[in-house]
Amino acid sequence: MKKAFPFLAVITALLVGYGFYLGLFVAPTERTMGDVQRIFYFHAPSGWTAFWLFFANLAASVVYLVKRNLKADALAVAAAEVGVVFCTVVLVTGPLWARPVWGIWWTWDMRLTSTLVLWLIYVSYLLLRRFSEGTQTPILAAVLAIFGALDVPLVYFSIWFFRTQHPQPVIGGNGSLDPAMRPAFWMNVLAFSLLGALLCWGRYRVELMRRQVDEFEANASLTGQSPSLVAKPVYREVAR
């Protein structure tokens, strides 16, 4: 799997670059919003990627609670971190799109507010993992992850069931995406999803290495050995 990482990274980089090209130069200009609408090709795929990463965090957290599987806990951390990155992209690109179209940077719209709450929940999750060192921290974090995942359906369905300023869905629902815009949209959905998966995979491997090194250093301190004598072989073993 380690040897496949560079190959997948190159493929992902090419797809991301091609997606940007389609979104910026090939997709037609939207009739009413103009070129600012092109943010859509990166805003919406970032949201989808954040959603599936948060669901991956949910699944891994449930597995940890049931089986106390440490690899599942490491995956939960990785998925949450990368998911927050993509959710941040959503919260940044949204106002950049809204300002020219709505005339305001932000409004307490149901979709926008629920997305901000989702971001805050997972930032809280990461802060808990970072600054709490108790033995119950993974359990508390897993419970918080389950709570946070409940907000994902609310974010998605908010524009279906509430009257919001946010546009109606263009994929499904009452809206429809111009056929000429679909290649750019779906290419970016694929590219951003692969990018999210690749970043999550890399972060997961780093998390496993960190935990094994921490475990070794803790054991070495208990036995009075010098961690520097064997820390490097441990790192090679994990990275293999």
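The values are calculated or read from the model by the stated rules, or taken from the named source; none is laboratory data. Computed from a prediction, not measured in an experiment: that's the story for all the values here. Virtual Cβ from ideal backbone geometry, glycine too; neighbours counted across all protein chains shown.
Residues are listed down the side, and each one gets a yes or a no for (1) surrounded by fewer than 18 Cβ atoms within 10 Å (Cβ to Cβ); (2) farther than 25 Å from PRO179 by Cβ; (3) of a type outside the set (Ser, Thr, Tyr):
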| site | (1), (2), (3) |
| --- | --- |
| LEU24 | yes, no, yes |
| MET33 | yes, no, yes |
| HIS43 | no, no, yes |
| ALA76 | no, yes, yes |
| VAL101 | yes, no, yes |
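To keep it simple, each residue is scored yes or no on (1) part of a loop (DSSP other than H, G, I, E, B); (2) of a type in the set (A, V, I, L, M); (3) under 19 Å from VAL90 (Cβ atoms); (4) modelled with pLDDT of 95 or more.
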| site | (1), (2), (3), (4) |
| --- | --- |
| PHE7 | no, no, no, no |
| LEU14 | no, yes, no, yes |
| GLY17 | no, no, no, yes |
| THR32 | yes, no, no, no |
| VAL36 | no, yes, yes, no |
| PHE40 | no, no, yes, no |
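In segment 35-69, what count of residues is obtained for those that are in contact (Cβ under 8 Å) with a residue 60 or more places away in the chain, more than 16 Å from CYS200 (Cα to Cα) and more than 14 Å from the chain's Cα centre (by Cα)?
7
Write out, first by first residue and then by second, each pair whose Cβ atoms fall under 7 Å of each other, whose residues are 6+ apart or on separate chains, and whose first residue, in segment 5-34, is more than 17 Å from LEU195 (Cβ to Cβ) while the second is assigned to a loop (DSSP other than H, G, I, E, B) and of a type in the set (Val, Ile, Thr).
Note: no pairs meet the criteria.
Name the residue that is modelled with the highest pLDDT, counting only residues in segment 104-121 that are out of contact with any Leu (no Cβ under 9 Å at 6 or more places or on another chain) and part of a helix (DSSP H, G or I).
Among residues in segment 104-121 that are out of contact with any Leu (no Cβ under 9 Å at 6 or more places or on another chain) and part of a helix (DSSP H, G or I), the one modelled with the highest pLDDT is LEU120.
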